[in-house]
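These notes are about the structure you will find just below.
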Amino acid sequence: MAPAQLSPLFFLQLAIIIVAARAVGWVGRRYLGQPQVVGEMLAGVILGPSLLGIVAPHWEATLFPKEERTLLYVLSQFGVGLYMFIVGLGFRSDHFRTRAKSAVAVSLSGMAVPFGLALLLSPWLVHAPGLFGRGVAPLQATLFLGAAIAITAFPMLARIIRERGLSNSRVGTLALAAGAIDDASAWAVLAIVLATLGGDPMAAAKAIGGGLLFAVVAVMAGPRLLAPLARHAERFGVDTGLLALTIGLYALCAGAMDFIVCSRISSHRRSKYSPSRLISGFGRAAPAVRTISPMPRGTSSSAVTSFSRRRSAAEVIFRDMPPPLGELGISTQ
């Protein structure tokens with residue numbers, strides 16, 4: 001499809017997604033008492049192969065062709081990152097400092113159950129026909145299952161907290177902090193598992209170390225570096241120049257984090273061992289795992305990021321991702 005054809009189709013997709021998200025979100029909030037974001041996620045399911053693809057597969061393929069998925073993915077990444085940036089602006093660090101021990105305790109409790117369940121199930125599941133690839137050790141299977149269950153839809157959690165008016169409350173800060181610790185730990189475990197399968201333990205060390213370095217710089221040096229911008233905003237207000245600079249800084253930070261994650265994952269493609277050994281048959285053995293958004297960060301806060309494909313979990317997470325994530329080439333056949 002030529003770029004001249006992609007552009008009008010993209011704006012049509014955007015209009016359909018926004019209208020459907022707002023409409024379904026309003027119905028869920030008005031008649032079912034659910035947060036707006038739950039309806040928006042459901043709108044992505046409705047527009048995807050799970051409903052539209054079954055009722056009208058031709059329309060679904062026409063409205064959302066394969067050529068447009070990369071563009072939608074990039075837009076969804078921008079939207080999720082920008083929303084989390086806004087959530088961070090309202091994060092009460094003073095509340096977190098007074099509740100740091102509680103946040104860690106809640107996070108550890110939230111991880112203990114998934115990993116405990118994985119510890120009980122993995123000895124049986126690792127030998128289930130067609131579930132894990134050949135050569136996967138029980139420890140690797142346990143860590144993968146535990147991380148997969150423990151990972152939180154963090155943007156969705158943040159959206160619900162914001163919609164309920166709990167953003168500046170102690171409970172909301174505690175929930176966000178615990179969710180962030182939970183997600184970071186689970187993704188670190190998943191990075192270690194992929195690194196051991198790829199034969200490059202340094203890949204996980206670089207990913208985890210890069211994330212920690214970014215966090216330390218942002219927390220320790222960020223306030224001092226951005227203090228002149230804060231003083232400018234207090235004296236002259238937020239003008240277009242300051243707004244453009246802020247968005248630019250956000251884009252640099254988001255790009256840096258994506259580079260840290262994506263460059264480490266893409267290194268597995270060049271290694272001797274493929275991560276497909278871990279979950280080569282995951283989708284076939286678990287047909288109930290369906291309609292997963294093609295994003296590793298969990299469920300999004302908009303229908304753009306909720307656009308999903310009815311495929312197996314492993315296939316959606318790895319194969320349908322744009323490069324470099326898609327370069328893993330994990331097979332579910």
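Do we have any residue at all in region 198-211 that's among the aliphatic types (A, V, I, L, M) and either outside the structural domain of R92 (by TED's automatic domain parsing) or farther than 27 Å from A148 by Cβ (or both)? No, region 198-211 contains no residue that is among the aliphatic types (A, V, I, L, M) and either outside the structural domain of R92 (by TED's automatic domain parsing) or farther than 27 Å from A148 by Cβ (or both). Counting only helices (runs of 4 or more DSSP H) wholly contained in region 80-156, the ones carrying 2 or more residues that are over 19 Å from G179 (Cβ atoms) occupy 100-125, 138-150. Taking (1) surrounded by 20 or more Cβ atoms within 10 Å (Cβ to Cβ); (2) over 20 Å from G81 (Cβ atoms); (3) at pLDDT 80 or above in turn, L176 satisfies each apart from (2). Here is a list of conditions, (1) within 21 Å of A148 (Cβ to Cβ); (2) without any contact (Cβ under 8 Å) to a residue 12 or more places away in the chain; (3) polar (S, T, N, Q), and T240 meets all of them except one; can you say which number that is? Only one criterion in (1) within 21 Å of A148 (Cβ to Cβ); (2) without any contact (Cβ under 8 Å) to a residue 12 or more places away in the chain; (3) polar (S, T, N, Q) is unmet by T240, namely (1). Considering R159, R92, R164, R134, the condition of being over 22 Å from V219 (Cβ atoms), in contact with a Lys or Arg (Cβ under 9 Å, 6 or more places away or on another chain) and not assigned by TED's automatic domain parsing to the domain that holds Q13 is satisfied by R134 alone.
What number goes with the only condition from (1) closer than 21 Å to T152 by Cα; (2) among the small types (G, A, S); (3) surrounded by 13 or more Cβ atoms within 10 Å (Cβ to Cβ) that A61 does not pass? Exception for A61: condition (1).
Among the residues making up region 93-115, those that are closer than 12 Å to S169 by Cα and surrounded by fewer than 18 Cβ atoms within 10 Å (Cβ to Cβ) are S93, D94, F96. Residue pairs whose Cβ atoms lie under 7 Å apart, separated by 6 or more positions or on different chains, with the first residue in region 138-157 and touching a residue at least 60 places away in the same chain (Cβ under 8 Å) and the second among the aromatic types (F, W, Y) and assigned to a helix (DSSP H, G or I), are I151/W187; P155/Y83.
State all residues of region 77-134 that are hydrophobic (A, V, I, L, M, F, W, C), closer than 30 Å to L249 by Cβ and touching a residue at least 12 places away in the same chain (Cβ under 8 Å); if no residue qualifies, say none. I'd like the intermediate steps shown before the answer.
We begin by selecting, within region 77-134, every residue hydrophobic (A, V, I, L, M, F, W, C); these are 78, 80, 82, 84-87, 89, 91, 96, 100, 103-106, 108, 111-113, 115, 117-121, 124-126, 128, 131-132.
The next check asks that each one be closer than 30 Å to L249 by Cβ; those that pass are 78, 80, 82, 84-87, 89, 91, 96, 100, 103-104.
Correct list: F78, V80, L82, M84, F85, V87, F91, F96, A100, A103, V104.
The number of residues in region 137-169 being over 18 Å from V106 (Cβ atoms) and not aliphatic (A, V, I, L, M) comes to 10. Looking across region 194-252, the residues that are among the β-branched types (V, I, T), in a helix (DSSP H, G or I) and exposed (fewer than 15 other Cβ atoms within 10 Å of the Cβ) come down to V216, V217, V219, T240, I247. Give region 68-79 a look and list any residue that's surrounded by 14 or more Cβ atoms within 10 Å (Cβ to Cβ) and over 12 Å from G48 (Cβ atoms), or say none. Listed by number, the residues that qualify are E68, T70, L71, Y73, L75, S76, Q77, F78, G79.
Does V189 qualify as being in a helix (DSSP H, G or I), assigned by TED's automatic domain parsing to the domain that holds C253, β-branched (V, I, T) and within 18 Å of the chain's Cα centre (by Cα)? Yes, satisfied.
Scanning region 142-159 for residues that are in contact with a helix residue (DSSP H, G or I) (Cβ under 6 Å, 6 or more places away or on another chain) and either on the phi > 0 side of the Ramachandran plot or among the hydrophobic types (A, V, I, L, M, F, W, C) (or both) yields L143, F144, L145, A147, I149, A150, I151, F154, M156, L157, A158.
The values are calculated or read from the model by the stated rules, or taken from the named source; none is laboratory data. None of these values were measured; they are calculated from a predicted model. Using ideal geometry, Cβ is built from the backbone for each residue, glycine included, and neighbour counts are taken over all protein chains shown.
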